[in-house]
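The structure appears below as structure tokens.
Just so it is clear, none of the values below were taken in a lab; they were calculated from the coordinates. The structure displayed is predicted, hence computed values, not measured ones. With ideal geometry, Cβ positions are generated from the backbone for all residues, glycine too; neighbour counts draw on all protein chains shown.
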Amino acid sequence: MKFSIIISTCNEGFQVASSLKRLRQISTQGPLEIIVVDGRSEDDTVAQARPWADHVIVHERANRGEQFHLGAQKASGDLLLFLGADAQLPGNWQQTLEHFWLTPNLHGVCATAFTVDYGASLTLRLAAFLANASVRWRARAGIQHGLCTTAEIYRSSGGFPPLPCLEDLVFCSRLRPLGRMVVLPDHIWPSVRRLHRYGILGCVARHLWLELRFRLGASPDAICRGHIG
């Protein structure tokens, strides 16, 4: 089973090399490709990513939905794993995903997500609980979960929409008719930058406001202007 890891970046030069290096170190020598799709970074993200990625695609603008879809179109793996540049996968991520997706008679599953772990403090544990509950209760996973699906399911769903934010909301809604989303017990460690910047209540309120505007018909460009990240 071949894995394609698709990572969207924009101005991640300060950390992308170390993140990709760790990803290579914890991965086995089995079939694997890392695809980085950059949204016109103004720093050295592309140069930092090239030594560690199999493919680096420079997109014309920062748009996560378009970036992930471009990466998926380039991918040649059986499983597509969508990841943020600042997330750290568990050391056994390949074995975990392979064991799950090769389970005999696996039916009715459209995607998997790792269990988010932001840290040990009470506030970070609460934030992680809410993030993981979103998958279990709403069948909605963000890139912080390490969202994984098969190439066949991705194509059948229509893939990521061309949205600079809330792309995960639409993608998960496209996946939902194809089956359920499963939260794996293995932990993934996303960045806590937004939690530190806005606080847990600020992050929740900010996202709910963006989602409400989207469902009420506001244009994606208007919604996402100033709120990408």
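Neighbour counts of C-beta atoms inside 10 Å place I143, I26, I57 in the sequence I26, I57, I143, starting with the fewest.
Farthest toward the positive end of the dipole of the range 10-142, out of G71, T115, H55, is the Cα of T115, where the dipole comes from beta carbon charges about the Cα centre. Dividing the summed helix terms, -39500 (n - 2.57) for each DSSP H run of n ≥ 4, by the number of residues in the chain produces a 222 nm estimate of -12500 deg cm²/dmol to the nearest 500. If you bin every alpha carbon distance in the range 108-164 into 5 Å steps from zero, what whole percent lands in each bin? Reading upward from the zero bin: 4, 17, 23, 22, 16, 9, 6, 2, 0.
Normalising the average separation of contacting C-alpha pairs (under 8 angstrom, six or more residues apart) by the number of residues puts the relative contact order of the chain at 22 percent.
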